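K.L.:
Before anything else, here's the structure in question.
The values are calculated or read from the model by the stated rules, or taken from the named source; none is laboratory data. Predicted, not measured: the structure shown is a model, and the values here were computed from it. Neighbour counts run over all protein chains shown; Cβ positions are idealised from the backbone, glycine included.
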Amino acid sequence: MDLYSIIAFVISGAICAGLIYFLYDKYQSTQNFEETLNKLTSVYIGISVFLSAILMVFLASSTMTQKSYKAKILEKISKTTQQMHNFRTIAEILFNSDIWLPGLKEYMEKEYANLTYFDVKEFYKAKSKLAIDFLQETHHFGETENLYLELKSLLMTSPNEKHISETISYPVFYDSSIIEKWVEHKSGSGLWFIFGYKYGNYKESLNLDAVFERHREKILTLANTIDNTVFEDSSFNEVFFAKLLEYLTKEIIPKLSQFQSHINRKTPQLIYYSYIVFLLLILFGVLLPLTYLMLNFSVLAIIVSYSIVISTIFFVAITLHVFLSKEENR
């Protein structure tokens, strides 16, 4: 709650206390004042019911809008998730293929089995001594060790995952934690840079010709499934992989992150605000006055009821525009 709302709440509380004091003093000093209150109670209940009905319709409408909105987001995230699935299938084929220099996979899985791409990128946090050792190590595989870790990171479904199973998993929705890591460390951009701009320097270290023919066809088919417009008539070469990895880093991962943030978005404050007002109107504008009339409660009950509802309406009158502005900006 911002300072303006806090001030409005304090003023409304003061008005409520003042009304209770004023009305109770009026009741004690004025003859037949209770009868006057009783006559007004029916009108008061009617107004409260009317306002509550408006709020009920608004809450129901807002809930349905939120539900429809999330359904659309789920549809979009499902499409993007499937694109990520297809890309990870391609990544798995490359990861397990013979494009790497002989001995690289054995070296990485023996010496740096518990090291991840994220550990290396976050070496400055000094959380992983293995990452520092890796960066200080003299690399013997044409500087492809880091590319190996980067490709491996795209097969993970959790930042804490250290080993890739023989059969990678395809979750219904990717966890926010792994998406955040992909975005934070731009997973795939290093590979995109190599295939797009430096492949000549790595041609001897990344042998695309070692990929089996059936795997090449599968990779091209999966790429067309990801986006037929972009990858139509592509050939299996470094240009294709540069385009594929650019699509991953500029389209798929950012959209996953965007849609995930929408899915995790909290219920708007305006809905909570409206529900609290609705609850106060029902409790103190309808139920308490009805109970007072039926059970002949103390006049103090109806005085408290009037005071709370009037101060609530005052609070709404001076703060509604603030909540509406926040919702509009949101």
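K.L.:
Restricting to segment 186-204, give me the number of residues that are in a loop (DSSP other than H, G, I, E, B), at pLDDT 90 or above and over 20 Å from GLU92 (Cβ atoms).
P.N.:
Step one: list which residues in segment 186-204 are in a loop (DSSP other than H, G, I, E, B), which gives 186-188, 198, 203-204.
When the remaining residues are screened for being at pLDDT 90 or above, the result is 186-188, 198.
Then keep just the ones that are over 20 Å from GLU92 (Cβ atoms); that gives 186, 198.
Summing the residues that are in a loop (DSSP other than H, G, I, E, B), at pLDDT 90 or above and over 20 Å from GLU92 (Cβ atoms) in segment 186-204 gives 2.
K.L.:
Here is a follow-up. Restricting to segment 37-57, give me the number of residues that are farther than 17 Å from LEU279 by Cβ, at pLDDT 85 or above and surrounded by fewer than 16 Cβ atoms within 10 Å (Cβ to Cβ).
P.N.:
Taking segment 37-57 first, the residues farther than 17 Å from LEU279 by Cβ are 37-44, 46.
Checking which are at pLDDT 85 or above leaves us with 40-44, 46.
Filter once more, so that each one left must be surrounded by fewer than 16 Cβ atoms within 10 Å (Cβ to Cβ): 40, 42-43, 46.
Counting residues in segment 37-57 that are farther than 17 Å from LEU279 by Cβ, at pLDDT 85 or above and surrounded by fewer than 16 Cβ atoms within 10 Å (Cβ to Cβ) gives 4.
K.L.:
Out of everything in segment 165-184 that is β-branched (Val, Ile, Thr) and crowded, with 18+ Cβ neighbours inside 10 Å, what residue ends up being farthest from THR81 (Cα to Cα)? Give the derivation first.
P.N.:
Keep residues of segment 165-184 that are β-branched (Val, Ile, Thr), which gives 167-168, 172, 178-179, 183.
From the residues that got through so far, the ones that are crowded, with 18+ Cβ neighbours inside 10 Å too are 178-179.
Details: ILE178: 13, ILE179: 11 Å.
The residue in question is ILE178.
Here's the yes/no breakdown for (1) free of Cβ contacts under 8 Å to residues at least 12 places away in the same chain; (2) among the aliphatic types (A, V, I, L, M):
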residue	(1), (2)
LEU222	no, yes
SER261	yes, no
ILE276	yes, yes
PHE284	no, no
ILE318	no, yes
LEU324	no, yes
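K.L.:
Considering each residue of segment 296-305, count those that are exposed (fewer than 13 other Cβ atoms within 10 Å of the Cβ) and either touching a helix residue (DSSP H, G or I) at 6+ places or on another chain (Cβ under 9 Å) or closer than 23 Å to ILE15 by Cα (or both), and give that number. Break it down stepwise before answering.
P.N.:
Step one: filter segment 296-305 for residues exposed (fewer than 13 other Cβ atoms within 10 Å of the Cβ), giving 296, 298.
If we keep only those that are either touching a helix residue (DSSP H, G or I) at 6+ places or on another chain (Cβ under 9 Å) or closer than 23 Å to ILE15 by Cα (or both) too, we end up with 298.
Counting residues in segment 296-305 that are exposed (fewer than 13 other Cβ atoms within 10 Å of the Cβ) and either touching a helix residue (DSSP H, G or I) at 6+ places or on another chain (Cβ under 9 Å) or closer than 23 Å to ILE15 by Cα (or both) gives 1.
K.L.:
Is it the case that LEU104 is out of contact with any helix residue (DSSP H, G or I) (no Cβ under 6 Å at 6 or more places or on another chain), surrounded by 12 or more Cβ atoms within 10 Å (Cβ to Cβ) and either of a type in the set (A, V, I, L, M) or at positive phi (or both)? If you could, list the steps in order and put the result at the bottom.
P.N.:
Values: out of contact with any helix residue (DSSP H, G or I) (no Cβ under 6 Å at 6 or more places or on another chain): yes; surrounded by 12 or more Cβ atoms within 10 Å (Cβ to Cβ): yes; either of a type in the set (A, V, I, L, M) or at positive phi (or both): yes.
Spelling it out, LEU104 is indeed out of contact with any helix residue (DSSP H, G or I) (no Cβ under 6 Å at 6 or more places or on another chain), surrounded by 12 or more Cβ atoms within 10 Å (Cβ to Cβ) and either of a type in the set (A, V, I, L, M) or at positive phi (or both).
K.L.:
I've got another one for you. Considering each of ILE271, ILE282, ILE252 in turn, give the residue that is among the aliphatic types (A, V, I, L, M) and touching a Leu at 6+ places or on another chain (Cβ under 7 Å).
P.N.:
On the way: ILE282 fails: touching a Leu at 6+ places or on another chain (Cβ under 7 Å); ILE252 fails: touching a Leu at 6+ places or on another chain (Cβ under 7 Å).
One residue alone meets the criteria, ILE271.
K.L.:
Go through (1) within 26 Å of ILE45 (Cβ to Cβ); (2) surrounded by fewer than 19 Cβ atoms within 10 Å (Cβ to Cβ); (3) within 37 Å of the chain's Cα centre (by Cα) one by one and return the number of the condition LEU293 breaks.
P.N.:
Condition not satisfied by LEU293: (3).
K.L.:
Okay, moving on. Give the residue that is nearest to the chain's Cα centre (by Cα), with candidates limited to residues of segment 271-290 that are surrounded by 19 or more Cβ atoms within 10 Å (Cβ to Cβ), within 12 Å of TYR44 (Cα to Cα) and among the hydrophobic types (A, V, I, L, M, F, W, C).
P.N.:
LEU281
K.L.:
Mind listing just one residue for me: the one in segment 107-144 that is among the aliphatic types (A, V, I, L, M) and modelled with pLDDT of 85 or more and, of those, surrounded by the most Cβ atoms within 10 Å (Cβ to Cβ)?
P.N.:
Applying the first criterion (among the aliphatic types (A, V, I, L, M)) to segment 107-144 yields 108, 113, 115, 120, 126, 130-132, 135.
Retained after the next criterion (residues that are modelled with pLDDT of 85 or more): 108, 113, 115, 120, 130-132, 135.
Values: MET108: 19, ALA113: 10, LEU115: 19, VAL120: 21, LEU130: 17, ALA131: 23, ILE132: 15, LEU135: 11.
Taking the candidates together, the pick is ALA131.
K.L.:
Within segment 230-266, take every residue that is in contact with an Asp or Glu (Cβ under 9 Å, 6 or more places away or on another chain) and crowded, with 17+ Cβ neighbours inside 10 Å and give me the one that is nearest to GLU180 (Cα to Cα).
P.N.:
Ranking the qualifying residues of segment 230-266, first place goes to SER257.
K.L.:
Against the condition in contact (Cβ under 8 Å) with a residue 12 or more places away in the chain, surrounded by 13 or more Cβ atoms within 10 Å (Cβ to Cβ), under 30 Å from ILE164 (Cα atoms) and of a type outside the set (Lys, Arg), how does LEU74 come out, does it pass? Before the answer, list the steps.
P.N.:
Details: in contact (Cβ under 8 Å) with a residue 12 or more places away in the chain: yes; surrounded by 13 or more Cβ atoms within 10 Å (Cβ to Cβ): yes; under 30 Å from ILE164 (Cα atoms): yes; of a type outside the set (Lys, Arg): yes.
Against the criterion (in contact (Cβ under 8 Å) with a residue 12 or more places away in the chain, surrounded by 13 or more Cβ atoms within 10 Å (Cβ to Cβ), under 30 Å from ILE164 (Cα atoms) and of a type outside the set (Lys, Arg)), LEU74 qualifies.
K.L.:
Further question: Identify the residue in segment 96-117 that is touching a residue at least 12 places away in the same chain (Cβ under 8 Å), in a loop (DSSP other than H, G, I, E, B) and within 35 Å of the chain's Cα centre (by Cα) and, among all such residues, is farthest from LEU206 (Cα to Cα). Break it down stepwise before answering.
P.N.:
First, the residues of segment 96-117 that are touching a residue at least 12 places away in the same chain (Cβ under 8 Å): 97-101, 103-105, 107-108, 112-117.
Next cut, in a loop (DSSP other than H, G, I, E, B) only: 97-101, 103, 112-116.
Now drop any that are not within 35 Å of the chain's Cα centre (by Cα), which leaves 112-116.
Details: TYR112: 20, ALA113: 21, ASN114: 23, LEU115: 21, THR116: 20 Å.
Ranking the candidates gives ASN114 first.
K.L.:
Restricting the search to segment 6-23, which residues are more than 16 Å from ALA317 (Cα to Cα) and among the aromatic types (Phe, Trp, Tyr)? Give the steps one after another, and end with the answer.
P.N.:
Initially, segment 6-23 is screened for residues more than 16 Å from ALA317 (Cα to Cα), giving 17-23.
Listed by number, the residues that qualify are TYR21, PHE22.
K.L.:
Yes or no: segment 257-264 includes at least one residue that is in contact with a helix residue (DSSP H, G or I) (Cβ under 6 Å, 6 or more places away or on another chain), modelled with pLDDT of 90 or more and of a type outside the set (Asp, Glu).
P.N.:
Yes, that holds for at least one residue.
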